[in-house]
């Protein structure tokens, strides 16, 4: 039985709720189990207070869409003994104090090895609302999308500056929840500024879709977010900038992360 | 050719595909379109042929290894002498083809990964010849063990960037090369060195390496007036082997054996024998056999041969394995090093450690076969680069 929840879109409500106040939704990204299980849970408690939704990465040995900061977080987490089952446990623990929408970012081989159907079933049971598989483009996505839809989990897709209009049309047939706009050509990691290309890109996408649009990759400054807000973005994803603070303050990063989030002006 | 008609685009049976980030999809389509157009283009073909003959030194001969054949008193052993090409390995065939393709596509910058350094050297050389900027990613462990090749690349004008993440070998070099490519997609061509990666790479690389088998077939028919009974080649990503095998795939009586790196033995867990120790999985854009743990984390591999030290294998090999057309086996570091010495002492040819895996298995096989059988072993590269490795007494 197909169980697609078209109504009651938790992402839509979270974006709309925040946008009404004139602000963009804030979606921090953390690697599950970084630097370890307990440390990550503590950090999740901190960021949840400011976040409108969360993105949580399954640590992976070969994260080829990620830059050095997230790679290092993946390595820390795996070294501390994280695995797919433990990530689900962590998210279940997170669900005991957080009811905000959660996106899982997970590389294809982890899903493939777990089994597509069991993976998405487990996501649904754990309370994951959307799943983004960064190395599964639309051409390979049918089995992933079908499994997601079977279990009422939203398949989330990335759009990039190289996405042509014809590809965009294809992607919009399957994308649900929101669209993840990749701000730059490249991998994840903080950048000082975003170029005009990025803002033209946001405008191009906003004309074509009614889905909420979140901007990610390289976001680390208030000015970037302000500019993207003016360009009509609905949310921002901030990952590497937070994870870098964790890396540099491994014993007690929470206060510094809190301060950083406040400075972004998104809370 | 041997291929099921229902194959989804970019797949060999159940294997292959395009598992890459969205940013790369449009460039992959451009690459495929350009390749399809240029592959039939007379000017491109003429220019490539000239590079392969004048620059790379093709055709390479097959050579009857008489001393070893006599000693083993079994099958006749022929060596396909890819070690005689310019830069010393079959890698030049693909590097020349793809660099020319990149040039025709208007790309100014070449990105490559390298394990043993042979692909890196070949790419550096053709980039210099064609006036292209060249950046090569190489695992720090591999840079250490293949020093001579690092120096050669640098002399040829390439920038060699050490990779310190993960296992610091070929797998990690490919990760970094892909990251560079995603970032510099508009100006750069990723010149992948084996039949790996997302579609259309496995087909492009195979077609540029087919020349090995095309020549070998003509040469053996000339010398022996018949097809060989066995083809033997080593397999890292699988480009020298598919290059030799491909034109024989429909010759049902020709048996083919791909030799993987058994490292310190399969039981030790320190090896790169994907078909023995791995299972289907997704790595570097393609669905194939992958060495991984029970959650799908890619496991570290080991081989004395840097070029075979890789946790996955080309998807077309996974397909040929699945239909039983090619047999896959492995030999250990120790066996490969013995073969390295033996070929040097008996035939006066120093093989690369990678190729020594094929030699080791080929000699074992020859000894068990009657004298009227013929084996062609692909001597995919020369071993000068391996002389600094401590191989004991």
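The values are calculated or read from the model by the stated rules, or taken from the named source; none is laboratory data. Note that the structure is predicted; figures quoted are calculated from it, not measured. Note: ideal-geometry Cβ built from the backbone for every residue, glycine included; neighbour counts use all protein chains shown.
If you go through segment B:290-322, how many residues are away from chain A (no Cβ under 14 Å) and part of a strand (DSSP E or B)?
So the count comes out to 0.
For segment A:17-38, give me the residue count where each residue is over 25 Å from residue A:221 (Cβ atoms) and either touching a helix residue (DSSP H, G or I) at 6+ places or on another chain (Cβ under 7 Å) or without any contact (Cβ under 8 Å) to a residue 24 or more places away in the chain (or both).
Summing the residues that are over 25 Å from residue A:221 (Cβ atoms) and either touching a helix residue (DSSP H, G or I) at 6+ places or on another chain (Cβ under 7 Å) or without any contact (Cβ under 8 Å) to a residue 24 or more places away in the chain (or both) in segment A:17-38 gives 4.
If I go through segment B:140-189 residue by residue, how many of them are out of contact with any strand residue (DSSP E or B) (no Cβ under 8 Å at 6 or more places or on another chain), within 13 Å of chain A (Cβ to nearest Cβ) and in a helix (DSSP H, G or I)?
3
Got at least one residue in segment B:305-312 being touching a residue at least 60 places away in the same chain (Cβ under 8 Å) and over 22 Å from residue B:114 (Cα atoms)?
Scanning segment B:305-312, I find no residue that is touching a residue at least 60 places away in the same chain (Cβ under 8 Å) and over 22 Å from residue B:114 (Cα atoms), so the answer is no.
Being under 15 Å from residue A:129 (Cβ atoms) and crowded, with 22+ Cβ neighbours inside 10 Å is the filter here; which residues of segment A:39-51 pass it?
Answer for segment A:39-51, where residues must be under 15 Å from residue A:129 (Cβ atoms) and crowded, with 22+ Cβ neighbours inside 10 Å: just A:51.
Report whether or not residue B:294 is under 20 Å from the mean Cα position of the chain (by Cα) and surrounded by fewer than 24 Cβ atoms within 10 Å (Cβ to Cβ).
no
Consider residue B:287 carefully, then state whether it is crowded, with 24+ Cβ neighbours inside 10 Å, within 13 Å of chain A (Cβ to nearest Cβ), in contact with a helix residue (DSSP H, G or I) (Cβ under 9 Å, 6 or more places away or on another chain) and modelled with pLDDT of 95 or more.
Numbers: crowded, with 24+ Cβ neighbours inside 10 Å: yes; within 13 Å of chain A (Cβ to nearest Cβ): yes; in contact with a helix residue (DSSP H, G or I) (Cβ under 9 Å, 6 or more places away or on another chain): yes; modelled with pLDDT of 95 or more: yes.
Spelling it out, residue B:287 is indeed crowded, with 24+ Cβ neighbours inside 10 Å, within 13 Å of chain A (Cβ to nearest Cβ), in contact with a helix residue (DSSP H, G or I) (Cβ under 9 Å, 6 or more places away or on another chain) and modelled with pLDDT of 95 or more.
Checking residue A:82 against (1) outside any loop (DSSP other than H, G, I, E, B); (2) crowded, with 21+ Cβ neighbours inside 10 Å; (3) more than 8 Å from chain B (Cβ to nearest Cβ), only one condition comes out false. Which one?
(1)
Output the residue which, of all residues in segment B:261-284 that are surrounded by fewer than 19 Cβ atoms within 10 Å (Cβ to Cβ) and without any contact (Cβ under 8 Å) to a residue 60 or more places away in the chain, is farthest from the other protein chains (Cβ to nearest Cβ).
B:267
Being assigned to a loop (DSSP other than H, G, I, E, B) and under 16 Å from the mean Cα position of the chain (by Cα) is the filter here, so list the residues in segment B:244-278 that pass it.
Across segment B:244-278, the qualifying residue is only B:273.
Scan segment B:25-32 and tell me whether some residue there is over 20 Å from the mean Cα position of the chain (by Cα) and away from chain A (no Cβ under 14 Å).
The answer is no; no qualifying residue exists.
Given the conditions (1) surrounded by fewer than 24 Cβ atoms within 10 Å (Cβ to Cβ); (2) in contact with a strand residue (DSSP E or B) (Cβ under 9 Å, 6 or more places away or on another chain); (3) assigned to a loop (DSSP other than H, G, I, E, B), report the number of the one that residue B:106 does not fulfil.
Unmet for residue B:106, out of (1) surrounded by fewer than 24 Cβ atoms within 10 Å (Cβ to Cβ); (2) in contact with a strand residue (DSSP E or B) (Cβ under 9 Å, 6 or more places away or on another chain); (3) assigned to a loop (DSSP other than H, G, I, E, B): (2).
When you look at residue A:186, is it crowded, with 16+ Cβ neighbours inside 10 Å, out of contact with any strand residue (DSSP E or B) (no Cβ under 8 Å at 6 or more places or on another chain) and within 11 Å of chain B (Cβ to nearest Cβ), yes or no? It would help to see each step written out before you state the result.
Details: crowded, with 16+ Cβ neighbours inside 10 Å: yes; out of contact with any strand residue (DSSP E or B) (no Cβ under 8 Å at 6 or more places or on another chain): yes; within 11 Å of chain B (Cβ to nearest Cβ): yes.
Criteria met by residue A:186.
Is it the case, given these coordinates, that residue A:65 is crowded, with 22+ Cβ neighbours inside 10 Å, within 15 Å of the chain's Cα centre (by Cα) and either more than 10 Å from every other protein chain (Cβ to nearest Cβ) or in a helix (DSSP H, G or I) (or both)?
no
When you check residue B:8 against the structure, is it outside any helix (DSSP H, G or I) and either closer than 30 Å to residue B:131 by Cα or within 14 Å of chain A (Cβ to nearest Cβ) (or both), yes or no?
yes
Tell me which residues, restricted to segment A:170-183, are away from chain B (no Cβ under 14 Å) and touching a strand residue (DSSP E or B) at 6+ places or on another chain (Cβ under 6 Å).
Matches in segment A:170-183: A:176, A:177, A:178.
Regarding residue B:54, is this residue under 17 Å from the mean Cα position of the chain (by Cα) and at pLDDT 95 or above?
No; evaluated as a whole, the condition is false for this residue.
Residue A:192 fails exactly one of the following numbered conditions: (1) within 30 Å of residue A:72 (Cβ to Cβ); (2) over 17 Å from the mean Cα position of the chain (by Cα); (3) at pLDDT 95 or above; (4) more than 10 Å from chain B (Cβ to nearest Cβ). What is the number of that condition?
Tallying (1) within 30 Å of residue A:72 (Cβ to Cβ); (2) over 17 Å from the mean Cα position of the chain (by Cα); (3) at pLDDT 95 or above; (4) more than 10 Å from chain B (Cβ to nearest Cβ), residue A:192 fails exactly one: (3).
Anything in segment A:222-237 that is closer than 22 Å to residue A:177 by Cβ and either assigned to a helix (DSSP H, G or I) or in contact with a helix residue (DSSP H, G or I) (Cβ under 7 Å, 6 or more places away or on another chain) (or both)? List them, or say none.
Selection gives A:225, A:228, A:229, A:231, A:232, A:233, A:234, A:235, A:236.
Of the residues A:197, A:223, A:170, only one is surrounded by fewer than 18 Cβ atoms within 10 Å (Cβ to Cβ) and under 21 Å from residue A:267 (Cα atoms); which?
When all the criteria are applied, what remains is A:223.
Sort out which residues of segment A:114-169 are closer than 20 Å to residue A:183 by Cα, assigned to a loop (DSSP other than H, G, I, E, B) and more than 7 Å from chain B (Cβ to nearest Cβ), and write them in order of number.
A:133, A:161
Would you mention how many residues in segment B:342-393 are modelled with pLDDT under 95 and either in contact with a helix residue (DSSP H, G or I) (Cβ under 6 Å, 6 or more places away or on another chain) or in a loop (DSSP other than H, G, I, E, B) (or both)?
Adding up the residues that qualify gives 9.
Please count how many residues of segment A:34-62 are within 14 Å of chain B (Cβ to nearest Cβ) and more than 16 Å from the chain's Cα centre (by Cα). Break it down into steps so the answer makes sense when it comes.
We begin by selecting, within segment A:34-62, every residue within 14 Å of chain B (Cβ to nearest Cβ); these are A:57-62.
Then drop every residue that is not more than 16 Å from the chain's Cα centre (by Cα), which leaves A:61-62.
Result for segment A:34-62: 2.
What about residue B:123, is it in contact with a strand residue (DSSP E or B) (Cβ under 7 Å, 6 or more places away or on another chain) and surrounded by 24 or more Cβ atoms within 10 Å (Cβ to Cβ)?
It is true that residue B:123 is in contact with a strand residue (DSSP E or B) (Cβ under 7 Å, 6 or more places away or on another chain) and surrounded by 24 or more Cβ atoms within 10 Å (Cβ to Cβ).
Check every one of the helices (runs of 4 or more DSSP H) wholly within segment B:16-78 and list those with 1 or more residues that are touching a helix residue (DSSP H, G or I) at 6+ places or on another chain (Cβ under 9 Å) and under 30 Å from residue B:280 (Cβ atoms).
B:25-39
Taking segment B:315-335, which residues are farther than 21 Å from residue B:288 by Cβ and without any contact (Cβ under 8 Å) to a residue 60 or more places away in the chain?
Scanning segment B:315-335 gives a single hit, B:334.
I'd like to verify a number: residues in segment B:221-239 that are in a helix (DSSP H, G or I) and buried (at least 19 other Cβ atoms within 10 Å of the Cβ), how many?
The number of residues fulfilling the criteria is 1.
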